[in-house]
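The values are calculated or read from the model by the stated rules, or taken from the named source; none is laboratory data. The structure presented is a predicted model; accordingly, all values stated were derived computationally and were not measured. Please note: Cβ atoms are built from the backbone with ideal geometry, for glycine as well, and neighbour counts cover all protein chains shown.
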């Protein structure tokens, strides 16, 4: 009779009134009900359909690196408002509100840690901060990450999830595309590898600059990756796009990605790739 003790989802809201809030969660992709703790333990991937949902930046770092090995750099850099940009609210106020809500000054976390005891320079976008958009601070932190990796001869790994260049900073934001690529060129000149992990979504100026220039480009399953979104392209060219256009699987088939990696295999895959690119010295 052990099946009587199994945890089962309540059939209706009126049943199991003693069930705590937040115990169960319904997958918006397959509509199946999962235990919330199973969903979290699976790195926000549905245990039933394997759909990859957004994962907070610090959670990504925790799952990728060895425990307690991450040291953050440039955390005190914060954006200004050189254009005095105003949409529904002033950009300066939007930055303050975001910093208070998210708990950091901008949309990128950079630092150094150990991946199976191998030192790496790791950067992770935070999509919760203005859609992971790349402004002056994000571009500066990425450039500094590449420079640190070049100087220390430690591999660079960046996990992207971004809507692209930040419109509130105008041309200053677009300049970050060139700046990050120039810093990456220095890394390449030293023969130090850069692995780019592209998550959903990676679009706009981020996809059109450093994110697609990895020595190895790894996509998460079903991630939207491209410059303009498929709806914009379809409206512009007035033609129907192929099935799955700009999804990771389509990019892999057309040679723009080297592999697609399930989130729970990413840490081991990164370690394996780095062992090939940087074999131990004899």
Return yes when residue 223 is within 26 Å of residue 253 (Cβ to Cβ) and out of contact with any helix residue (DSSP H, G or I) (no Cβ under 6 Å at 6 or more places or on another chain) and no when it is not.
-> no
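Among the helices (runs of 4 or more DSSP H) confined wholly to segment 158-270, which include 2 or more residues that are at pLDDT 95 or above and more than 16 Å from residue 133 (Cα to Cα)?
Values: elements: 170-189, 204-207, 230-237, 248-253.
Those helices (runs of 4 or more DSSP H) span 170-189, 248-253.
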Is there a residue being over 30 Å from residue 271 (Cα atoms), modelled with pLDDT of 90 or more, part of a loop (DSSP other than H, G, I, E, B) and touching a helix residue (DSSP H, G or I) at 6+ places or on another chain (Cβ under 9 Å) anywhere in segment 40-56?
-> no
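Can you spot a residue in segment 16-23 that is loosely packed, with under 13 Cβ neighbours inside 10 Å and modelled with pLDDT of 85 or more? Steps first, please.
Restricting attention to segment 16-23, the residues satisfying the condition of being loosely packed, with under 13 Cβ neighbours inside 10 Å are 17-18, 20-22.
Cutting the leftovers down to modelled with pLDDT of 85 or more gives us none.
No, the conditions are met nowhere in segment 16-23.
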Where a residue in segment 201-228 is more than 18 Å from residue 167 (Cβ to Cβ) and its partner, wherever it lies, is part of a loop (DSSP other than H, G, I, E, B) and modelled with pLDDT of 95 or more, with Cβ under 6 Å and at least six apart | 215/193; 216/258; 217/257; 217/258; 218/261; 219/257
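Can you spot a residue in segment 82-90 that is touching a strand residue (DSSP E or B) at 6+ places or on another chain (Cβ under 9 Å) and surrounded by 12 or more Cβ atoms within 10 Å (Cβ to Cβ)?
Going residue by residue through segment 82-90, those that are touching a strand residue (DSSP E or B) at 6+ places or on another chain (Cβ under 9 Å) are 84.
Retained after the next criterion (residues that are surrounded by 12 or more Cβ atoms within 10 Å (Cβ to Cβ)): none.
No, segment 82-90 has no match at all.
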Does any residue in segment 262-281 that is farther than 19 Å from residue 252 by Cβ come within less than 7 Å, Cβ to Cβ, of a residue that is loosely packed, with under 15 Cβ neighbours inside 10 Å six or more places away or on a different chain, and which pairs are these?
-> 267/63; 271/116
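Checking the condition out of contact with any helix residue (DSSP H, G or I) (no Cβ under 7 Å at 6 or more places or on another chain) and closer than 18 Å to residue 195 by Cα, which residue from 111, 103 passes? Don't jump to the end; show me each part of the working.
Values: 103 fails: closer than 18 Å to residue 195 by Cα.
Residue meeting the stated conditions: 111.
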Over segment 41-79, the set of residues more than 28 Å from residue 263 (Cβ to Cβ) and touching a residue at least 40 places away in the same chain (Cβ under 8 Å) is 77, 78, 79
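Return yes or no: is residue 82 touching a helix residue (DSSP H, G or I) at 6+ places or on another chain (Cβ under 7 Å), assigned by TED's automatic domain parsing to the domain that holds residue 133 and farther than 15 Å from residue 123 by Cα?
Here the answer is yes, as residue 82 does meet what is asked.
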Go through 106, 97 for me and flag whichever is closer than 29 Å to residue 39 by Cβ, in the same structural domain as residue 140 (by TED's automatic domain parsing), without any contact (Cβ under 8 Å) to a residue 40 or more places away in the chain and not in a loop (DSSP other than H, G, I, E, B).
-> 97
Exactly one of 152, 162 is surrounded by fewer than 23 Cβ atoms within 10 Å (Cβ to Cβ) and within 16 Å of residue 123 (Cβ to Cβ), and that one is 152
